[in-house]
Amino acid sequence: MIGFGRYNLLLTIGRGGMGSVYLARQKTLRRFCAVKVINPQYSQEQDAAGRFLREARAAASLSHPNLVGIFDCDRHEGQYFIAMEYVEGFSLTQILRKHGPLPLPLSLYWLQQAAVGLRYIHSKGVVHRDIKPDNMIIDASGLLKIMDLGLAKHHFEGDQSMTATGTVMGSPHYMSPEQINDSKTVDHRTDIYSLGISLYQMLVGRVPFPHTSATAVCVAHLQEPIPSVALPDAAVTQTLDELIGRMSAKDVNQRVQSADELLATLETWIANNPTNTATHEFFSRIDFAERKVGQLLEKERLDPSTLDTDLPSNVPIPPSPASAGPADAPPAAGKPRRFLRWIVLMVAILLVIGIGRGIHKKKARPPPQTTTAQRTNSNPPSTAPVMPQPPKAGGLYVETRPDNAAVMFRADTQKSPATFNNVPVGRYVVKASMPGHRMVERELEIVENEVKGLKIELPEISAKRVIESSPSGAEVVANGRIVGTTPFTAEGLDGENREYVLRLAGCYNACIVVQLAETGGVQRVTLNPKPKLPDTAQLPPHPPSSPAVDSSPDLSKRQRRRHAMEKILEVTRQTPTPEWSDRKKKLLKQVEHLLQLEGANNPDAVRFAIENVGAILGEARAMTVSDFEAQKQRIMREIARSLERTIPPGNAPTSDAPR
């Protein structure tokens, strides 16, 4: 063990070109973590060090179950380091090297978790730029976590460096074409490309372009198609090749455009490929026990009671035999007896001196003679102060399934896996809770000098809610797919929010958010019928003073209106579900303001147009990316027709009219 500021580095768990990773103990908070100590050459470069700190701090601001959390980032004795969550598991690369290609259900399951993590990262405006199996770690519960978030690196020919102007960032075997050309201008779609290459490796066991030269790999990603996964089932092979081809399309505009689109595609795949016996047998072969903190400490024979003590930061290294001087040389072979005789003689002299001094002290200091009265009246002899003994204490380590549950113990609450140290001996109650799951309480006894391990399984709380519409029989659409008709029962976990679109011919679409509850319940929705828009004869006549405008449309205003609606449609597609209700009101206010600027003066026509545009936007949100791209022009035409019928043609200024 080595002292390293606020941390004790216990043992090395990984090395790389950028630095070394240690299992460590944070002394102040008394928790285990992984500490990556950056190589000195990066710490000495001011620009690289500044970029490193900025990127690490940005990554530390993110928190999600599918991301490895970052606790701290600082410099100690001239070396930068990152303290992060220690995950008791293996990277996907380690699993693939030891056990070979993954079963299809397991590949899809971990692909889904990686997509969920990327969705969160991208929603915060962050691009990972180094998605690969080596940066995805799996724990014993099957949870996948993305690592090295925000630490952009490049790995050409085994070289790793910090983000720098003019450098290419990423790993050549997983880099998208646009990342190879200019890594500093890529967007979130480059992570989708890398995830598609990672899926190929999970299914096949190797990367699609296994060249040894970084240049050859980059040229292949720029020019060559992704090879087939070549599974035994030809139909499955064809469909998987199409999925990987869409995720790793060389043209960024033909690629899967977002993690949300990928997740919507994976729902059907995972439903059609549930986990089976082969999947469970494969997962059971992975020995996660060797990554447990307790087993690592026992293997290294580390005393748990010394983990939080101050340790020396520099451990002296004894000189090697080759560098030892003449004074360190062993005694000559011909003089061992003379050497031993000198040792025996010195020990004998020391013993004689010690015995002589003891006898002299006894003679010089006879015990004082005291009378009975003196012994009675005198004060009792003084004694040395007795140091208070530390209270008897132990420790507690709690794991939950699913992971990341809130563990409440005494007055402390931590996310699982949770560690509690210096707990006084006694009986306690541990509570674990998580949204959508039943709270569980466990009673246990803390024993002196023992770390008690506890595993808690949180049962799911099934929830549902019935959706009824008036009129009934409306189609219920989720993620662009029809899942039923009203009355419809939505099912899931307690507290979950589900977004649906209700569609019925002759009525406006209704976009609703349903909160599932254990007690069930009914959510009723009234579908508003589409009114017949007022005839153009009801609109005010064109002013006779502008005959040119009456006979010709105002092209410049129409173009500006179309541009504004394209922006509104783009915002509609990108708005997250929790923010959609408020954002929709603001967007429709913008549409109303646009109509007012163009002279729309019929309140009924404006109101009908606004309602129709709101319904069209709700329909566009429910579409998949491919359906939306195919129907975008139709949607824009419907919006244009709704708006143009409210605008008097003669109200446009003559200066904008075509000449």
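The values are calculated or read from the model by the stated rules, or taken from the named source; none is laboratory data. Bear in mind the structure is a predicted one, so any value in this text is a computation, not a measurement. All Cβ positions, glycine included, derive from the backbone under ideal geometry; neighbour counts span all protein chains shown.
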Condition broken by Ile82, with the remaining ones in (1) in a loop (DSSP other than H, G, I, E, B); (2) crowded, with 20+ Cβ neighbours inside 10 Å satisfied: (1)
Qualifying residue in region 147-165 (condition: buried (at least 21 other Cβ atoms within 10 Å of the Cβ), at pLDDT 90 or above and outside the structural domain of Ala56 (by TED's automatic domain parsing)): no
Among the residues listed as Tyr80, Tyr86, the single one being among the aromatic types (Phe, Trp, Tyr), at pLDDT 75 or above and under 25 Å from Thr306 (Cβ atoms): Tyr86
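Yes or no: Ala59 modelled with pLDDT under 85 and either crowded, with 19+ Cβ neighbours inside 10 Å or closer than 17 Å to Ile192 by Cβ (or both)?
yes
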Cβ-Cβ under 7 Å pairs, at least 6 apart or on other chains, region 124-137 side assigned to a loop (DSSP other than H, G, I, E, B), far side of a type in the set (D, E, K, R): Val127/Asp187; Val127/Asp191; His128/Asp191; Asp130/Asp148; Asp130/Lys153; Ile131/Asp191
Residue in region 449-465 that is modelled with pLDDT of 85 or more, within 19 Å of Leu617 (Cβ to Cβ) and among the small types (Gly, Ala, Ser) present: no
Subset tally (residues that are farther than 21 Å from Ile13 by Cα, of a type in the set (S, T, N, Q) and either assigned to a helix (DSSP H, G or I) or at pLDDT 85 or above (or both)) for region 255-310: 9
Residue within region 563-574 that is aliphatic (A, V, I, L, M), modelled with pLDDT under 80 and at negative phi present: no
Failed item, numbered, when Thr646 is tested on (1) in contact with a Phe, Trp or Tyr (Cβ under 9 Å, 6 or more places away or on another chain); (2) part of a helix (DSSP H, G or I): (2)
Candidate set: region 434-453, residues that are surrounded by fewer than 17 Cβ atoms within 10 Å (Cβ to Cβ) and free of Cβ contacts under 8 Å to residues at least 40 places away in the same chain; chosen: the one nearest to Glu518 (Cα to Cα): Arg438
Residue list for region 225-254, filter: in a helix (DSSP H, G or I) and small (Gly, Ala, Ser): Ala234, Ala235, Gly245
Cβ-Cβ under 9 Å pairs, at least 6 apart or on other chains, region 61-86 side in contact (Cβ under 8 Å) with a residue 40 or more places away in the chain, far side of a type in the set (Asp, Glu) and loosely packed, with under 15 Cβ neighbours inside 10 Å: Tyr80/Asp74; Phe81/Asp74; Ile82/Asp74; Ala83/Asp74
